[in-house]
Structure formats: C-alpha cells, structure tokens
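Written out below as structure tokens is the structure these notes cover.
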Amino acid sequence: MIRYSKIILIGKTIFSLGIKNVIYMVWYRVSLKAGLRKIFFPITLFGVDHELFKSENSKVDLRTSQPKGTLNFEADQLLAGYYSYYTHHSQCVGTSPDWFNNPFNNQRYPNIELHWTNLPDFDPIFGDIKSIWELSRFAWVPTLARAYAVSGKKAYIDITNRWLSDWIEKNPLYQGPHWKCGQEASIRVFNLMNASFILGSTQNPESSFSDFIYLHLGRISSNIRYAIAQNNNHGTSEAAALFIGGNWLLSNDPIRYPRAKHFALKGRKWLENRISKLVAEDGGFSQYSINYHRVLIDTLIFAEVWRRKLDLIKFSEIFYKRVNAAIHWLEIFIDPLSGDAPNLGANDGTLLLNMHGCGYRDFRPTVQTANAIFNHFRTYPPGPWDESSQWLKISMPKNIEYREQIENNLFDSGYVFMKDNISWGMIRFPNFKFRPSHNDVFHFDLWYRGQNILFDSGTYSYNPSADEQKINLKSVHYHNTVSFNREEQMPELSRFLLGDWLKPDFVSKITRVDQGQQWGGQYTTRNGYRHQRKVYIKPGAWEVADDLGGGFSSATIGFNVLLGEYSIDGNTIETEWGAILIPKNTKYEIVSSSASLYYQERHTVSRIEIMISEAGCYNTKFELTK
C-alpha cells in the first residue's frame, strides 16, 4: 500500500482548513517575525489613579439567601494566598502573586520585558504558558465580588483592588506574556465586567476601571483576524468581549472612549458571523469538544445578559436558532444523575460561568442558565446550578420543561446518542468540516446509573514536559476505538493539527432491532485499513461489533473502563457493575493507562486491549446487571 508523503498530507489539510485562512496565517507569522505587528501595539506604561472597584458601594445587594459555605471558603482561601488553578489544583500564590510563575514546576516565565510578539508560543523549559495565564484570567474577581455581596466583608474588595493594581503595574500594555493572546484579554474582560455587574457599579464605574477595559478592547480588536482564522472559541470569545465592552463604554462615556462604537459594531458583526459559521444546524460546534462547547455557551450567555442590560437590539434570527441548537446539543450529552458529560475532545480547564458552587465537571449550571435566558424555562429543579442566574439577574422560571433525552439522536456534525432507561451511550463518527484535535473516530462512551463506565481520555496539557510527552492523550491509543498496526487514525502534523481527515464510507441511521436499537458506520484509513463499527443496545446490555479489514498485520480494540473490584473467568470479566464479554478466540490484557478529568491532572485508569491478528468481525459485550 502506497503511503502518502507529508507534502501531500499538508496540501490536503490546507485545502480542508480553507485556503484564505491558511494564507492569512502565513502572513501573520511573517509579520510577527518581521516585527511589523509592533507598529499596532506600542508598549505603553499605564497606571490607575483610583481603585478599580469602590470599597463602599451603596448599590450592593447583600444576598444573604445565597449559599455561603463554598463561596466563603474560596474567598478566604484567596485572602490566605491560595488559588484553585483550573478549578481543581489549590496552589499557594501568596498575598502578592508573582504573575509570571508556573506553580506546577516553579519556573518563572523568561524575558517578561519583551514585546508580546517576540515571545514564543511554547517554551520547553518554562512549561505550559496556560499555567501563568490562569491566574491572570481574573476568575478570582467575581468570586471575591460575590463573597463581598454576601458578607459585606471589606477585605474581599481590598484584596481585589490590590491584586489588580499590582497586575497593572507589572504588566505594561503589550509587554510580556499576558498580552500575547486576545482570548486571554477577552476572558479578563468577562470577569471584570461580571464582577461590576455583581457589585452594581456598571452605571457609575471608576474611570480607572473603564480605562482598563478600553485598553483590553484595543488589544483584542487590532488582532481579531487571527482569532477568526482559527475557526474556534477564540473568535467567539473575542467578538463577545468587543460587543459587551464596546457597548458598555458607549453607554457610559462615548467622548472619553472614541473607539467604543467601533468595538461594539465589530463585536456584533463577528459574533453573528462566528455563530452562523461554527455552529451547525444540529447544534454541534467546530471544536468537537464538550468543554469548548460549554465555553461557547457561557460566552453567549454573557453576550445576551449584557445585550439586555444595555437595551440593545436583538441578534439575528439565525443567531438565536443556532444558539438554541447548541444549548440542546449540550443538554443531551449531560448525564442526568451526575451532571457530568463525556470527556470528549480537547479540555483546557476553562470554566467561564464561574458564579456558582458546583464543580468543574458539573455542566448543569450552563444549561440551566442558558435555557433560562434564551428559552425562558428551567431544565432542572431548583439547586446550586441556579446561582449563576441569580447573580446575572436572569429570572428563573418556575416551570420545568426538561427536554427528555429521546432514544435516538444522530447528529450530522459527528455524534450518535442512544439510551435506555438505565444507561446511555455516545459514539463519535468522522464528518469533519473543521479540524479535529483527537484521534477518537468511533470512540464509544457508556454511562450507567450516573457512572461513566467506558470513558474518554481528556487532555492533560498542551505543552507537557519531555517525560510527559510520552503519554499523548490525543492518541488513538487512549480512546475507545481501534488502532491498526499501532498507527494513528490521522497523522499528527503539528501540536494542534491532524492531517488527512477521515471521511465516513457510510453512516447508518439508528434503527430498531428485536427489543433494542442499532447504529453502524465505517471508514477506511489512508493505508487502506477498514473499520466498520456497529453498536447495539438491548435491555441490560450493549454490544460493540468491530468488523476489521484491509490487509493490516495487527490491530488493537481498546476500551478505557471503570472496573473497580473485578474477577476474570476466561473471556469474561466480572465487574462491580456487570460483566464484559471479550470476543471469542482473541487474546486480551488489562493494562494501566492514563486519563485526565482536569487540566494539568492525570490519573491511572484500567484499559482493556484486545489483540487482533486477522480480518474479521469481533463482538465485545457489556452486560449491566448490578
């Protein structure tokens, strides 16, 4: 079988990405190298004459009915100098943080005095740049604002102003890594604006606060074309920040901020454009990721909240139609018992809607808030997932209109949803209109009584250390699917780019068989290896049938599985939740593997690997009996 050269693979991938976007990215890289972008971003020292948030604000409504336990703990941890990175890792940052320190390896970012265009995207010694960006996203600002609104404790506002003033002093405009990414600037805008909303200071802000927002919008606006070319959440986040911040400045002081109208119009234009292009009619998003899908919806919640607060005209009809489809898509894939969802695709630890006490892996706050503001009904009964709506002054309807997960859902954007009364499953199939990030074609996720018993691997880090690079969770070898000859389904051309995107030979509809349902699909790799997968659901059991062909020398059928205490009897594995029946006449082993539920977190999991040496059909059955 003739193997494609890398040049051919790159050529095909360029065509898939879109020639205009690729040409722009080439020009962008050239302009960075030549130093041309420095013209648009001159390093400027700036300071603040006043604190960004008023220490005394008569408009604050002390919401004593809000849950205090988790909130007060988080705020007091900040006072003590501890911050929860990626909503999971408690790290000591001190009472005066070093904004350039990576707490995971205690390395300090080098050359912080340089212009942001002169800084590399990835530094092998420093590590993951996201680990210094995390604290500078200012997610702690709404936390402290909420805690102050509940308790009236002045120390919460004092530390907010002190940390913000210190950040401004240490980060001159366009100097250093914190000005490198427009999306990071956008997230700062979201958190600052939402905190002002909570504190009731949006109509009479400190001039220093407004100036700080204005500077951020200038950074975002002047480089937004780069974000648009990515066809991902960078474009939606930056457009929303321009829309929110531009319109807010326009309503407060259009003379002091002459570019506010320009920012507002540009933000609306690109937000409309991104939603119509990146969200499919069935609600699927361009990034093929559960967490980035949540990031999208959280962003849209903020845009709609501020549109209403500022009494602006509505977005277009197609905008709201796609938004509602995206909300429903996420709603379907949330486990109704746990609030968790499949660990599908890239997961960078972002949690934008951070005004609640639920955990990072609970997706109900986003769906509850989104349905309340866009559809005027609640998805879930009253609970901690209501808190964000209360802070954002979204009226929470009393009527529950939970859109029941129907048994059959086939999404043209590449997903299958099937269920019975005690379990449900998701299958991923290839229909790529945008770049995939994981080799997870035909991955199968299975949920039973609120537990994810067959699960996805997640994402540990975008820039792991040399030792950690050996464990590549994006690889086919960490998903519940098949690998041929230990090769990837799609070759990795760069850190974030796979080549030769797979296309389906066929994708069937979900049909009824006997007392259950079945779905099937097939693809053929660039080397001619063929994988046809059928998934059957019957009362109390799921069966995965893998028909393999195409002249391979070896293949592996792998499943990440929640085993707990288990026993083995031949080709039957007895578990705490039921039994796994391995295909007959095959060899298998249970190996230690890795998965990540939170960014910069990795844990050991069990993985079943079934070794195949010849073409044929192999059926793996999962009996749910306990």
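Quick look at the numbers
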quantity	calculated
Qualifying positions in the range 405-444 - more than 19 Å from the chain's Cα centre (by Cα), among the charged types (D, E, K, R) and in a loop (DSSP other than H, G, I, E, B)	Glu407, Asp412, Asp420
Test: residue in the range 336-343 that is modelled with pLDDT under 95 and more than 24 Å from His438 (Cβ to Cβ)	yes
Sole residue being in contact with a strand residue (DSSP E or B) (Cβ under 7 Å, 6 or more places away or on another chain) and acidic (Asp, Glu), chosen from Asp514, Asp569, Asp500	Asp514
Qualifying position, being surrounded by fewer than 18 Cβ atoms within 10 Å (Cβ to Cβ), outside the structural domain of Tyr86 (by TED's automatic domain parsing) and more than 30 Å from Trp133 (Cβ to Cβ), among Glu565, Glu601	Glu565
Of residues in the range 327-348 being of a type in the set (Gly, Ala, Ser) and buried (at least 23 other Cβ atoms within 10 Å of the Cβ), the one farthest from Leu497 (Cα to Cα)	Ala341
Residue match in the range 107-115 (condition: modelled with pLDDT of 85 or more, closer than 27 Å to Ser210 by Cα, in the same structural domain as Tyr174 (by TED's automatic domain parsing) and surrounded by 16 or more Cβ atoms within 10 Å (Cβ to Cβ))	yes
Residue check, Lys534 part of a loop (DSSP other than H, G, I, E, B) and within 30 Å of Ala346 (Cβ to Cβ)	no
Ser457 crowded, with 18+ Cβ neighbours inside 10 Å, in contact (Cβ under 8 Å) with a residue 60 or more places away in the chain, hydroxyl-bearing (Ser, Thr, Tyr) and in the same structural domain as His603 (by TED's automatic domain parsing)	yes
Unique match (being surrounded by fewer than 18 Cβ atoms within 10 Å (Cβ to Cβ), out of contact with any Cys (no Cβ under 8 Å at 6 or more places or on another chain) and outside the structural domain of Leu310 (by TED's automatic domain parsing)) among Asn485, Asn480	Asn485
Failed criterion for Ile313 (all others in (1) of a type outside the set (Gly, Ala, Ser); (2) outside any helix (DSSP H, G or I); (3) over 24 Å from Asp445 (Cβ atoms); (4) touching a residue at least 24 places away in the same chain (Cβ under 8 Å) hold)	(4)
Any pair with Cβ under 7 angstrom, 6 or more apart, that starts in the range 541-556 at a residue that is farther than 24 Å from Gly425 by Cβ and assigned by TED's automatic domain parsing to the domain that holds Glu614 and ends at one that is surrounded by 18 or more Cβ atoms within 10 Å (Cβ to Cβ) and among the aromatic types (Phe, Trp, Tyr)	Gly550/Tyr529; Phe552/Phe484; Phe552/Tyr529
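Quick grid of which residues meet (1) touching a Cys at 6+ places or on another chain (Cβ under 8 Å); (2) without any contact (Cβ under 8 Å) to a residue 24 or more places away in the chain; (3) not in a helix (DSSP H, G or I):
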position	(1), (2), (3)
Glu113	no, no, yes
Ile125	no, yes, yes
Arg146	no, no, no
Val150	no, no, no
Asp158	no, no, no
Asn161	no, no, no
Ser165	no, no, no
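For every residue, the table says whether it meets (1) at pLDDT 85 or above; (2) over 30 Å from Phe209 (Cβ atoms); (3) not assigned by TED's automatic domain parsing to the domain that holds Ser131.
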{"residue": "Leu52", "(1), (2), (3)": "yes, no, no"}
{"residue": "Glu56", "(1), (2), (3)": "no, no, no"}
{"residue": "Lys68", "(1), (2), (3)": "no, no, no"}
{"residue": "Tyr86", "(1), (2), (3)": "yes, no, no"}
{"residue": "Phe104", "(1), (2), (3)": "yes, yes, no"}
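The values are calculated or read from the model by the stated rules, or taken from the named source; none is laboratory data. Owing to the predicted nature of the structure, the values given are computational and were not obtained by experimental measurement. All Cβ positions, glycine included, derive from the backbone under ideal geometry; neighbour counts span all protein chains shown.
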